[in-house]
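Structure, as structure tokens:
The values are calculated or read from the model by the stated rules, or taken from the named source; none is laboratory data. All figures in this text were calculated on a predicted structure; none of them were measured in a lab. When we count neighbours, we look across all protein chains shown, and the Cβ atoms used for this are built from the backbone with ideal geometry, even at glycine. Only protein heavy atoms, including side chains, enter the accessible area calculation; ligands, DNA and RNA are left aside. Shrake-Rupley method; radii C 1.70, N 1.55, O 1.52, S 1.80 Å.
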Amino acid sequence: DIVDVTTGSHVRVSGPHNVRASYRFDPRNGAFIWNNDNQHAYWGAGASADLVFALFSGHTDSERQHASLVHIFSWRGRFIAEVALDRGTIVLSVSPSGDRLYGMVEEPWPAIGVWPVPHELKQRWRR
């Protein structure tokens, strides 16, 4: 979901993949505890003035892998596209112009990966 913390406005998003939430509730401390088979959805997000880019995982804790799929949404919550990065990424950020994605990668060594956002995807949101 996209929530504006200053105004409280809320937009629900829906991407191309469902995930399974698996957790238990600990009444002693009122906490939700994720089970090992819980599937994580989004690990991080970045945004430009026009689009929201969310780093999708879909993995469980026991499968712990870095995410390599990016879901692109309009600020109104409409799913635009899914882009596959060429390697697993830990965090995601977006250039102010929205034409490049940046992510922390571990292979081949700890580094910052840079990927261009395909021009046709940037244009698709306007339709």
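Okay, here's what the table says:
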| read-out | value |
| --- | --- |
| Extreme residue, positive dipole direction of the chain, given options ILE90, PRO110, GLN39 (C-beta unit charges) | GLN39 |
| Carbon and sulfur %, accessible surface of segment 27-127 computed with the full protein complex present, 1.4 Å | 54 percent |
| Charge dipole (debye, nearest 20) of the chain; +1 at Cβ of Lys and Arg, -1 at Cβ of Asp and Glu | 440 debye |
| Size descriptor, Kirkwood hydrodynamic radius, that averages inverse alpha-carbon separations across the chain, Å | 15.9 Å |
| Accessible area in square angstrom per residue, segment 1-83, 1.4 angstrom probe | 62 Å² |
